[in-house]
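Worksheet for the structure shown next.
The values are calculated or read from the model by the stated rules, or taken from the named source; none is laboratory data. Worth saying up front: this structure is predicted, and the values here are computed from it rather than measured. Methodologically, a virtual Cβ is constructed for each residue, glycine included, from the backbone with ideal geometry; neighbour enumeration extends over all protein chains shown. Each accessible area value is taken on the protein alone, full model and side chains, heavy atoms only, with ligands, DNA and RNA left out. Shrake-Rupley method; radii C 1.70, N 1.55, O 1.52, S 1.80 Å.
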Amino acid sequence: MKELKTTYKNDLNNAIDSTVHFGKLFNKSVLITGITGLIGGFIVDILLYANETLDANIEIYGLARNEKRARERFAYTNSKKLHYLIQDVCQPINLKASIDYIIHAAGDGYPEAFRLRPVETMTPALLGTINTLELAKEKQATGYIFISSGEVYGAPSSDNRPFKETDMIMAAGMSTRSCYPVGKQAAETLCSSYNEEYNVNAKVARLSHTYGPFTAATDNRASTQFINNAINGQDIILLSKGNQIRSYTYIADAASGILTVLLNGKIGEAYNIANSDSTVSLAHFAQKLAEISKVNCRFEIPNDLQKQEETPISYAVLDATKLTTLGWKGKYEIKDGLKCTLMNLR
């Protein structure tokens with residue numbers, strides 16, 4: 001990204017406005033892991049934008065494994081407030097600087113990774129969470145947040161009601177596909193344990209299906225593939241009837257929700273991050289995107305490999321009431337988020 005588009009700046013501004021008590025971050029230091037990913041990268045952009053437009057004076061420490069990718073991602077800035085920490089989050093983190101807040105967003109969250117690299121999918125959630133929590137303990141950080149997933153809820157109840165934070169259904173432990181939700185579940189327990197044993201101010205954000213520009217090139221989730229097709233003027237292809245119901249959250253809403261929990265949530269608790277105005281089927285998501293981008297939407301029978309990567313979850317709707325009680329409200333319905341995604345990528 002060589003420069004920020006006006007649409008993207010508007011997204012950053014909206015995210016700042018939607019973050020409850022954003023000013024708590026002023027003059028603080030923040031460590032973000034996974035800065036080349038969708039979530040971590042956008043949060044870094046928010047903090048850089050706040051420094052530029054609000055004189056927020058936030059010291060940003062961005063952790064990534066690949067220095068080239070990290071510097072390319074933030075090539076638009078020469079800010080001296082952005083400090084790169086190049087390492088694997090699964091290794092102990094040695095940092096001399098003081099840290100006020102830690103956002104652990106590193107880790108793959110797409111089907112191909114679950115199938116081909118289940119071990120590498122789990123380790124950032126396990127070892128990475130231990131290392132970032134250890135750092136939070138060492139630095140006596142004001143706040144820590146782990147980016148979890150709505151997949152920790154597993155299969156829906158028979159009445160298909162939205163998941164609340166008190167719901168918990170363990171995934172099948174001996175299934176390789178469970179590497180993602182089980183890793184997230186274990187990391188959440190680590191957060192709770194460090195809070196109880198070491199007084200680390202840890203919180204958890206359970207994300208719904210988050211989409212937006214600048215996803216990883218390796219991300220093969222259906223929604224990401226649909227967006228790539230739309231940008232390239234290609235037909236959007238559904239490999240199922242698309243009856244799966246999801247809470248879809250645009251990245252600007254997801255990021256402001258995460259920051260709101262970090263700054264205002266109760267220590268030792270989890271919060272669903274979802275926009276209640278953006279609950280639709282996969283087919284509706286695809287059709288709306290096709291309509292906006294003026295391409296066709298059609299169905300194809302999946303091959304054996306594609307069948308292996310199908311999610312077993314047909315209903316993944318998160319109840320975000322607990323988040324809204326903090327004063328947060330999303331700004332992007334599906335149509336708005338998809339339009340912004342396409343405008344930011346073109």
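The table below gives the values:
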quantity: The chain - mean residue ellipticity at 222 nm from DSSP helices (-39,500 (n - 2.57) per run, n ≥ 4, rounded to 500); calculated: -12500 deg cm²/dmol
quantity: Integer Hz, Karplus 6.51/-1.76/1.60 couplings in order for segment 257-262, x for Gly and Pro; calculated: x, 4, 5, 5, 5, 3
quantity: In nm, spacing of pseudo-spin labels at Asn232 and Gln140 (7 Å Cα→C-beta vector); calculated: 5.4
quantity: Candidates per GluC sites (Glu not before Pro) in segment 1-100, loop by DSSP, up to 12 other Cβ within 10 Å; calculated: Glu3
quantity: Gain on full stretching of the segment that runs from Glu52 to Asp17 - 0.36 nm per residue minus C-alpha separation; calculated: 11.1 nm
quantity: Dipole of the chain, positive end: most advanced residue of Leu323, Thr142, Leu342 [Cβ charges, Cα centre]; calculated: Leu342
quantity: Cα gyration tensor of segment 1-109 - equivalent ellipsoid semi-axes, whole Å, descending; calculated: 21, 17, 13
quantity: Cα convex hull volume per residue for the chain (Å³); calculated: 125
quantity: Estimated inter-spin distance, Lys241 and Ile130, nm [label 7 Å along Cα→Cβ]; calculated: 4.5
quantity: Segment 13-19 - phi-based ³J(HN,Hα) in whole Hz, Karplus 6.51/-1.76/1.60, Gly and Pro as x; calculated: 5, 5, 5, 4, 4, 7, 7
quantity: Estimated vicinal HN-Hα couplings, Hz - segment 271-281 in sequence order (Karplus 6.51, -1.76, 1.60; Gly, Pro = x); calculated: 9, 6, 10, 7, 9, 5, 8, 10, 9, 9, 7
quantity: Accessible area per residue, Å², the chain with all protein chains present, probe 1.4 Å; calculated: 44
quantity: Segment 109-134 and segment 241-274: distance between their alpha carbon centers, rounded to Å; calculated: 20
quantity: Protein accessible area in the chain, 1.4 Å probe - carbon and sulfur %; calculated: 49
quantity: Distance in nm between pseudo-label sites at Asn160 and Glu291 (7 Å out along the Cβ direction from Cα); calculated: 2.0
quantity: Residues whose placed amide H lies under 5 Å from that of Ser149, excluding near-sequence neighbours; calculated: Leu207
quantity: Amide hydrogen neighbours beyond the local backbone of Phe299, cut-off 5 Å, H modeled; calculated: Leu238
quantity: Cβ charges +1 (Lys, Arg) and -1 (Asp, Glu), total dipole of segment 28-177, debye; calculated: 280
quantity: Dipole of the chain, positive direction: furthest Cα of Leu116, Thr132, Leu239, with charges on the beta-carbon; calculated: Leu239
